[in-house]
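Only the coordinates and a few stated rules stand behind these numbers; no lab work does. The structure presented is a predicted model; accordingly, all values stated were derived computationally and were not measured. Every residue, glycine as well, gets a Cβ built from its backbone with ideal geometry; the counts of neighbours run over all protein chains shown.
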Amino acid sequence: MDSLRIHGGVPLTGRITVSGAKNAALPLMAAGLATSGTLTLENVPRLVDTASMEALLANHGLDVVRDDLTLRIGGAASNLDAPYDLVRKMRASVLVLGPLLGRYGEARVSLPGGCAIGTRPVDLHIRAMQALGAVVELADGYIQARAPGGLTGGRVVFPNVSVGATENAMIAASLAKGTSELVNVAREPEIVDLAVCLNAMGARITGHGSDTIRIEGVDSLGDATHRVIPDRIEAGTWAIAAAITGGDLLIEGAYQRHLDALVDMLVETGASVDAVDDGLHVVANGRPQSVDITTDPFPGFPTDLQAQFMALMCVAEGSSRISETVFENRFMHVPELARMGADIQVDGGIALVRGQPSLTSAPVMATDLRASVSLVLAALATDGVSEVSRIYHLDRGYSDLETKLGSCGARLERIRSGHD
């Protein structure tokens, strides 16, 4: 397996550009199954996860053509099965369930895989499809769903907020007969981006960005061209990178309105964060001060930035309390940070971090996507040489990481193993 060798101790300075959002691109790509025309998506990042979704769409029989960062998705599905060998690589694969049911009235989707950060069950996806009139059963590790007469509009009430289930329901309801109301939905920017794209395809969606979405079903969806929003998690990662290395970064393409919760916390640590015409300007001002955070669905503090912020708190002045409320098993980076000298105690969903003047270099191992980049940030803050192994996780969510960080002064190189 590949690893990253990182020589720490260099403040990051200069400009770093944010790629298109992985978490927006994946549901947008899945929406390509729902259109009778051609969906053209711009600013689609080159990642392991987007490549996996391209392969899944091709498996369904769609024509998927990539030209640099532009994808063109068209054609009709000739296969309604999403097999385990493709779906196991990425949890977002379950997003094909809604569009297949909506357009074809049938779907067979393997239970998905992805990062080992909790159970993340698919029951909310299933409940949503059932509320729209589908008959769903689990058999042999597959979700088998059918709606022979087509989906019908309905009221979908989510018992708890789920981004993926909201996205699946939005796409399916767009092609249902009648009007649907989705209650207690996710409000993330990626949800809004999907609604904007679906409306460009001919859907009739209102309320996106609030906790209730209303959708008037249409007979079919057509051609559209849509640009994927910048990746707010990547942008937030670079903002924390500036703070943890004592750096000064202009993060090109970042939207502050997508990162208000993080920006507020960074300012409390003592960093300067200013919105500029082409992004965010983040400047560290000495050793960071400790800040308590609690992860919550948008507009709260993103769970996908918790590990990175914890790395920052490891070198902060004072003690901080980090509460994880979204996923029940998202502190797997803690033992690896401890190998670098971090002082962290975990009690259930709460981590108590006692900041140290500095961290020490060490060999560490990534356990999931965001944990892996938190270890990269921690390594950048040391004065020695660290090696982060199992970085295939990084390739799922960060495009051109070595090149981007290297252009800002980071000293790092990929060590290729030649086998997985």
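Brief remarks follow.
- Linear extension gain, D383 paired with A338, 0.36 nm per residue minus alpha-carbon span: 14.6 nm
- The chain - share of DSSP beta bridges that are antiparallel (%, nearest 5): 70
- Where labels lie 7 Å past Cα in the beta-carbon direction, separation of V65 and A275 in nm: 3.9
- Distant-in-sequence amide contacts of R227, defined by a placed amide H-H separation under 5 Å and a gap of 5 or more residues or a different chain, comprise E42.
- Option label - semi-axes √(5λ) of the Cα gyration tensor in Å computed here, alternatives [x] 103, 32, 17; [y] 38, 21, 20; [z] 38, 33, 16: [y]
- DSSP-defined beta bridges in the stretch 166-312 - what % are antiparallel, rounded to 5: 90
- Taking the centroid of alpha carbons for each part, the stretch 330-407 and the stretch 185-217 are 35 Å apart.
- Ranked by how many other Cβ atoms sit within 10 Å of their own Cβ, fewest first, the residues M53, M1 fall in the order M1, M53.
- For the stretch 76-217, the relative contact order comes to 21 percent (Cα pairs under 8 Å, sequence separation of at least 6).
- Rounded to the nearest 500, the 222 nm mean residue ellipticity of the chain from helices alone is -8500 deg cm²/dmol, with -39,500 (n - 2.57) taken per DSSP H run of at least 4 residues.
- Computed E for D211/R5 - FRET, C-beta separation, R0 41 angstrom, nearest 0.05: 0.35
- Charged side chains reduced to their Cβ positions (Lys and Arg at +1, Asp and Glu at -1) give the stretch 22-227 a dipole of some 240 debye around its Cα centre.
- A Förster radius of 22 Å combined with the Cβ-Cβ distance from A58 to T225 puts the calculated FRET efficiency at roughly 0.60.
- Under 5 Å between amide hydrogens, built in the peptide plane, is the criterion, and for L151 it picks out K177 among residues at least 5 positions away or on other chains.
- Once the Cα atoms are used to define both axes, helix 189-200 deviates from the longest principal axis of the chain by about 30 degrees.
- You can think of it this way: the chain between A51 and I415 has 128.8 nm of extra reach, that is 0.36 nm per residue less the Cα-Cα gap.
- A cut-off of 5 Å between modelled amide H atoms, ignoring neighbours fewer than 5 places along the same chain, links D296 with F301, T303.
- For the stretch 276-366: rounded, prolate or oblate by the Cα gyration tensor [a/c cutoff 1.5]: oblate
- When you restrict to C-alpha pairs under 8 Å that are six or more residues apart and normalise by the size of the chain, the relative contact order lands at 21 percent.
- Summing Cβ point charges (Lys, Arg +1; Asp, Glu -1) relative to the Cα centre of the chain gives a dipole of roughly 520 debye.
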